[in-house]
Amino acid sequence: ENQNASLSSDHIRAITKTSDGQMWIGTDFGLNLFQPTSQSFKTFTHQTNNGASLSENFVFAIAEENENQLWIGTRGGGLNLFDVTKETFTAYKYDVNDTNSISDNIVLSIKKDSLDRLWVGTSNGLNLFNRKTGNFTRYLVEDGLPNNVIYRIEEDENHQLWLSTNKGLSRFNPTTSTFKNYDVGDGIQSNEFNFSAS
């Protein structure tokens, strides 16, 4: 971690304002906390010999778990849980030998829904994280997704999730674990969404 007058990169990938009013910014070179009193940034980066540091510097997504914890999605380092008070990171990574691990280390989107479920969109499927067990339930093309790249996750008033993908839009019903997929034939502008598009 270090203190800088400027951001760690001019490539901003994610911005989140937490419930305590703090502004967190993800860039290609780490996680940044904007400090308004000094008009500077506190930056958290990956450190090779520190297993409690950010697992990868490229930050795609940030979501608040509670006032002391943030979820951080990285490009290749999996999902990180950041303890704001202790300034430590816990990484959840894909393990080819563990079907309960996250489905991919490229985490593009994170959504804590209104029922307090944590959903994680990767470049290889949608994941539901069980905080008690530390296990992930995976949803992939073979389960009904139109494509495994999940750019963004939104929730509607019926607690259903809307997923932007590389092959159209998908509505997921968590109660029945079923998908309804939409493409250009249904009137959306294009089948392929961009990063963070929803």
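The values are calculated or read from the model by the stated rules, or taken from the named source; none is laboratory data. Bear in mind the structure is a predicted one, so any value in this text is a computation, not a measurement. The area values use the complete protein model at the heavy-atom level, side chains included, leaving out ligands, DNA and RNA. Shrake-Rupley method; radii C 1.70, N 1.55, O 1.52, S 1.80 Å.
Considering Cα pairs under 8 angstrom that are at least six residues apart, work out the relative contact order of region 24-99 and quote it in whole percent.
Taking the mean separation of contacting Cα pairs over the length of region 24-99, I get 22 percent.
Rounded to a whole number, what % of the accessible area of the chain do carbon and sulfur atoms account for, probe 1.4 Å?
44 percent
Output ³J(HN,Hα) for region 130-147: one whole-Hz value per residue in order, computed from phi by the Karplus curve 6.51 cos²θ - 1.76 cosθ + 1.60 with θ = phi - 60°, and x for Gly and Pro.
Here the 3J(HN,Hα) series is 9, 5, 6, 9, x, 9, 10, 9, 9, 10, 10, 3, 5, 8, x, 4, x, 7 Hz.
If amide H atoms are built 1.01 Å from N in the plane of the peptide, which residues on other chains or at least 5 residues away come under 5 Å of the amide H of VAL84?
GLN69, LEU70
Can you give the accessible area per residue of the chain, in Å², using a 1.4 Å probe?
Heavy-atom accessible area per residue stands at 50 Å².
Which whole-number percent is the relative contact order of the chain (Cα, under 8 Å, 6+ apart)?
11 percent
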